[in-house]
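Okay, structure first, notes after.
The values are calculated or read from the model by the stated rules, or taken from the named source; none is laboratory data. The structure displayed is predicted, hence computed values, not measured ones. When we count neighbours, we look across all protein chains shown, and the Cβ atoms used for this are built from the backbone with ideal geometry, even at glycine. Protein only, heavy atoms only, side chains kept; ligands, DNA and RNA dropped before computing areas. Shrake-Rupley method; radii C 1.70, N 1.55, O 1.52, S 1.80 Å.
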Amino acid sequence: MVEKLNLAILFGGQSGEHEVSLMSATAVINNIDKDKYSIYMIGISKDGKWSLYEGDIENIENGSWESVAKPIVFPADPSFGGFYLLSNPEKIYKVDVVFPVMHGPKAEDGTIQGLFELAKIPYVGSNVVASSSGMDKVISKAIFKSYNLPQCEYKAFLKSDYIEDMDTILNDIESGFNYPVFVKPANLGSSVGISKCYDREELIAGIDEALIYDRKVLVEEFIDGLEIECAILGHNNPEASILGEIIPCNDFYDYEAKYLTGGQSEIVIPAPLPKEKSDTIRSIAIEAYRALDCSGLARVDFFIEKATGNIYLNEVNTIPGFTQISMYSKLWEASGVSYTDLLDRLIMLALERFEEIYG
Ligand SMILES: Nc1ncnc2c1ncn2[C@@H]1O[C@H](COP(=O)(O)OP(=O)(O)O)[C@@H](O)[C@H]1O
Ligand SMILES: [Mg+2]
């Protein structure tokens, strides 16, 4: 019999996307091939406490896992090769591969990835630099610019500059763009902290909101367009899925439209686009993935402007929403890769990258 791999599935985390992670991880745990993997369910609370959860999978999403999970330590020291319970440092739980099914800062942004680099344990998804540059919308835009990838006009500034001279920044935004504009914290996801602002008053409120989450703010021109997404899978030779379209049920695809309105936002797969346009978008998606040096997976999001048909790259999500009904998994399913196979592929890619570095 082939020995099972010890797979640590991480969920929760300290970001505003904690709840989204609980949904994604529940789907992963439910669907992973238990004949191939022994699963450690490791939860991270909102205040950053790590613990091993051994109870019912149903109690992950509702948050009650937290009260019964056992505190653990996951050392950065590679000689451990895993983690131990705080109550019993003698017994090491060896981990062969980690799947951080978490989104947002301190989860998808290279920080956790850095821990597993130090601990010398393979992990699913992008490495430190790709994760952190994918998370930071201002950094990723600068990288995309250097690769001449098409994207909307934008401006970025720091909280300290804004506090010092708010009027100059507001005037600069207003002289560069017509309303509405989008205001975003540089580092986040799931539309948390994002506002569509129709006048100066809303712009100021939007900046204040974004500054709750980050010291760096991004302002973008509004693209009146279709929202198109492409799933990428692979390491050195990544593949692009067919495309999907999001039809948000709100004014834009905000947090409520993504998660709270009971699925009233629509997903259309395949996106109804001419083949040539789809192929162009898929190749830009691969270029963007390579530009950031992503690995494993990413969902690359676009707008197609209604009036012109122009393509704009919006963002690269290195750990996209990962439930069975999330766009990422559905795009692969429609491209012929089942959810369970997708999980296998991602774990194999994690091992492949590790082997490439240390083999
Ligand atoms: N420049 C823009 N023009 C039009 N809509 C936008 C623009 N930027 C963001 N949006 C809307 O806001 C949503 C969230 O923005 P996005 O940059 O994707 O942030 P997140 O990382 O939180 O998903 C998008 O899915 C889209 O509906
Ligand atoms: Mg997005």
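Structure notes:
- Bridging of LYS159 to lysines at a Cα separation below 18 Å is possible for LYS137, LYS184, LYS216, once same-chain residues fewer than 8 apart are set aside.
- Taking amide H as placed 1.01 Å from N in the peptide plane, the amide H of ASN127 sits under 5 Å from that of SER295, each at least 5 places away or on another chain.
- Remark on the chain: Rg and Dmax equal 20.5, 69 Å (Cα only).
- Residues whose amide H comes within less than 5 Å of that of HIS235, counting only those at least five positions distant or on another chain, are GLY296 (H built at 1.01 Å from N in the peptide plane).
- DSSP beta bridges confined to the chain are antiparallel in about 80 percent of cases.
- Pairs of Lys residues in the range 5-123 that lie 8 or more places apart, or on two chains, and have C-alpha atoms under 20 angstrom apart add up to 13.
- Accessible area ranking (1.4 Å probe, heavy atoms, ligands and nucleic acids excluded), largest first, for LYS91, LYS49: LYS49, LYS91.
- Taking θ as phi - 60° and the Karplus parameters 6.51, -1.76 and 1.60, the scalar couplings of the range 124-134 work out to 6, x, 5, 6, 4, 5, 5, 5, 6, 6, x Hz in sequence order, x denoting glycine and proline.
- Toward the positive end of the charge dipole of the chain, with +1 on the Cβ of Lys and Arg and -1 on the Cβ of Asp and Glu, the farthest Cα among ASN127, TYR154, GLY193 is that of ASN127.
- Phi angles across the range 210-221 convert, under the Karplus curve 6.51 cos²θ - 1.76 cosθ + 1.60 with θ = phi - 60°, into 3J(HN,Hα) values of 4, 5, 5, 9, 7, 8, 10, 10, 10, 10, 10, 5 Hz, Gly and Pro given as x.
- Protection proxy ranking of 123-134, 174-185, by the mean of other Cβ atoms within 10 Å over each peptide's residues and highest first, is 123-134, 174-185.
- In the range 238-272, chymotrypsin sites (Phe, Trp or Tyr not before Pro) in a DSSP loop with at most 11 other beta-carbon atoms within 10 Å: none
- Accessible surface of the chain, 1.4 Å probe, proportion on carbon and sulfur as whole %: 50 percent
- Selected from LEU22, ALA107, THR340, residue furthest toward positive end of dipole (the chain; charges at beta carbon): THR340
- The range 35-183 - accessible surface per residue (Å², probe 1.4 Å): 47 Å²
- Rounded to the nearest 10 Å², the accessible area of ILE286 at probe 1.4 Å: 40 Å²
- Reference-scaled alpha-carbon Rg (2.2 N^0.38 Å with N residues) for the range 154-221: 0.96
- Whole-Hz couplings from phi, Karplus 6.51/-1.76/1.60, listed for the range 189-204; x for Gly and Pro: x, 6, 6, 5, x, 9, 10, 9, 10, 9, 7, 4, 4, 5, 4, 4
- In a reduced charge model with +1 at each Lys and Arg Cβ and -1 at each Asp and Glu Cβ, the chain shows a dipole moment near 940 debye about its Cα centre.
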